[in-house]
Structure formats: structure tokens, C-alpha cells
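Comments concern the structure below.
The values are calculated or read from the model by the stated rules, or taken from the named source; none is laboratory data. This is a predicted model, so every value here is computed, not measured. Positions of Cβ are generated from backbone atoms using ideal geometry, with glycine treated the same way; all protein chains shown enter the neighbour counts. The protein model used for the area step is the full one, side chains on, heavy atoms only, and it has no ligands, DNA or RNA in it. Shrake-Rupley method; radii C 1.70, N 1.55, O 1.52, S 1.80 Å.
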Amino acid sequence: MKILKELSRKEFREKFGTADQCLNYLADSKWQLGYVCFKCKNEFYCKGKKKFNRRCTRCGYDESPTANTLFHKLKFGIENAFEMAYDIATSKKGANSIWLAERHGVKQMTAWLFRRKVQEAMKSSEKHPLENEVHVDEFEIGTPQKGEQGRSKSEKKIRIVIALEHRNGKPGRGYAKVIEDYSSKSLGVIFNTHIKSDAKITTDGWSGYKPLIKKYPEFEQKLSDKGQNFKMLHIQIRNFKNWLRGVHSYCNKEYINQYIQEYFFRFNRLNFRGSILEKLLARMIATKPTTYKSIKYNAT
Ligand SMILES: [Zn+2]
């Protein structure tokens, strides 16, 4: 099933409004290249216990469309899960778990845990590094500690490095990562993971970037000039901070990377909005289930 343009909520509900529609979609996508038994790799099946299940003719393994995907063992209806994924993928301001919980009639913790699964599926494949003109900079965000209101002295600073493509004066794709410090070792991670070695890279004059120059033939350091030379990058940093403030009020450092993944999954697909839900669902189907136990519940 191909979804060519961004679905309005009405269109979404026409396609995915019932559990049967969602299960049918999952089964179609999961076995689109043909059925292979998860246990014994046999390629023949008969009807399973439930409507969309497939049962292996050799070993008898009865597999539901949700098994071995991130939709496995949900604590709420599959149609709700699809709509939560739709909300997270399409909401302009980001859908936080309080809002999701209210909208879908589930506990906040349940919405938060499901959102974590969605974020898991939004993780970068690291297969498409940034290319051509790329600007890199670092910034900090402060996260108030749990139980405290607003900014306070115990606010923890989290350091982030961001890389953004410049395409004819417009922002292209981008990535960001939480870093421990501003050393070249820490800064180098985003270069190794997300930037092509022949990209034309620009950073400010920070000495931490200097050791990286020899790895990238087209590396330029420019004075920031109070941000004037990195205007577009700074606009994106501001947008990210505003979005982050909207989706969570408290966030543990270990989860910031997940929020970054979510943000840039959407950001890098702004020109392909019509297929964003389809891409997300495909990744959720292809990603092995995360047990609720393995995710520590922490916040909004
Ligand atoms: Zn089998």
C-alpha cells in the first residue's frame, strides 16, 4: 500500500481507523517479500489462530502481524498505536506524552513508553552522511532537575554538537549528538558518523576542531562574528530548542539523544512529508521489539 501524500487526520482514519485495517497493513508490509517462518525459515504457511496470523506448515509457529515488531505486546489497541505514531510523525510542535495520553485515553507512562519505541524506530541508519557544504557548531541546553520548577542553580547543562547542510542558501539535512565535552575526540563523533569525508566543512575558530582538519581536505574555520557567519545554523538550533521545550519539561541526559533522533528524523524528511508515516511504520515493523522492562520510565 503506497501513501503518496501526507494524510489528513480524516484520511488517516479512513485507512487506519480499525484494528483490522492496521493488522492487514502490518501483515502486508511484514510479509511483502514473501512469508518466511521466524523460527525455522520455512516458506509455507496456513491460516493461524487469529484473522491475520500465519502458521508455519512445518514447525507450527503461529505468528501474528505484530510479533517481532515494535507493535508487539501493546497495552492498548493497535489502531491507537497507529494513530499515536501518526501524531508523533506529523505533529508540527511535537506530541508530548501528556498530550498523547489524554488524546488516546491511556496512562501517561504508557504513552511515554510507546513514544520511546517510536523514537527507537526513528534512529538514523547512518547510511546517508551529510555532503557538499556542511556547517558544524556546538550548543548547550539546560534541563531543570526533576522536582524543581524552571531554571535553578542545579540545572544541568547538556552539550550538543550539530551539523547542517547548506544547499543554495537553504538548510538541507542535519544531525546532532550529545557530547561529553568540547574536545576534538567528542566533536569528532558527528564527523565520523554523519559527514562525508569530501564535504566542505565550516566551523567556528574553536581549537577542538583543529585536529580534525587533516581528515577533511575541505575544512574551513571562520570566526563566528557573534553568530553572523552561522546564521542558518543558529536558527536551526533555536528551532530545536523550542521544539524540545514543547515536548518535555524534564529530560534525563540519556534520553536527549532519542529526542534528537526524533527531531532530525522529521527534519530530514520535511520535503518528503507524504511518505513520513509510511517510512516510520516500515521501520517499526522492521525493528525488533523492545521490552517495556528494558526502558526505564523517567519523565514526560
Ligand atoms: Zn516454522
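Helix-only mean residue ellipticity at 222 nm, the chain, DSSP H runs n ≥ 4 weighted -39,500 (n - 2.57), per residue, nearest 500. What is it? Intermediate values should be presented prior to the final figure.
Numbers: 9 runs with 109 residues, N = 300.
It lands at -11500 deg cm²/dmol.
What distance in nm lies between label points placed 7 Å from Cα along the C-beta direction at residue 156 and residue 57?
In this crude label model, residue 156 to residue 57 measures out at 5.6 nm.
Out of 169, 56, 260, whose Cα points farthest toward the positive end of the dipole of the chain (charges: +1 Lys, Arg; -1 Asp, Glu; placed on Cβ)?
56
Would you be so kind as to identify which of 242, 44, 232 lies farthest towards the positive end of the dipole of the chain, taking Lys and Arg as +1 and Asp and Glu as -1 on Cβ and the Cα centre as origin?
44
Show me the ranking of peptides 194-205, 114-125 by mean Cβ neighbours inside 10 Å, starting with the highest.
114-125, 194-205
Given the convex hull over the Cα atoms of the stretch 11-131, what projected area results after averaging over all orientations, in nm²?
Mean shadow area of the hull around the Cα atoms is 9.7 nm².
What lysines does residue 253 reach when the alpha-carbon gap must be under 20 Å and sequence neighbours fewer than 8 apart in one chain are set aside?
Within the straight-line limit of under 20 Å, residue 253 reaches these lysines: 117, 123, 146, 153, 156, 157, 177, 185, 241, 293, 296.
For residue 98 and residue 193, calculate 0.36 nm times their separation in residues minus their Cα-Cα distance, and state this gained length in nm to one decimal.
30.9 nm
At 1.4 Å probe size, with every protein chain present, just tell me what the per residue accessible area of the stretch 23-108 comes to in Å².
Heavy-atom SASA per residue in the stretch 23-108 reads 55 Å².
With a 1.4 Å probe and every protein chain kept in, tell me what percent of the accessible surface of the chain is carbon plus sulfur. Spell out each step's value before the answer.
Working: 8150 of 16040 Å².
Carbon and sulfur atoms account for 51 percent of the accessible area of the chain.
Might you report the magnitude of the Cβ-based charge dipole of the chain about its Cα centre, with Lys and Arg at +1 and Asp and Glu at -1, to the nearest 20 debye? Present the calculation step by step, with values, prior to reporting the outcome.
Working: 58 positive and 32 negative charges, 162 e Å.
Magnitude of the dipole: close to 780 debye.
Roughly how many nanometres apart are two label points built 7 Å out from the Cα toward the Cβ at residue 35 and residue 215?
4.8 nm
Please say if the chain is rounded, prolate or oblate, where rounded means a/c under 1.5 for a ≥ b ≥ c the square roots of the C-alpha gyration tensor eigenvalues, and otherwise the choice is prolate for a/b larger than b/c and oblate otherwise? Could you put the intermediate results ahead of the total?
On the way: a/c = 2.17, a/b = 1.69, b/c = 1.28.
Prolate.
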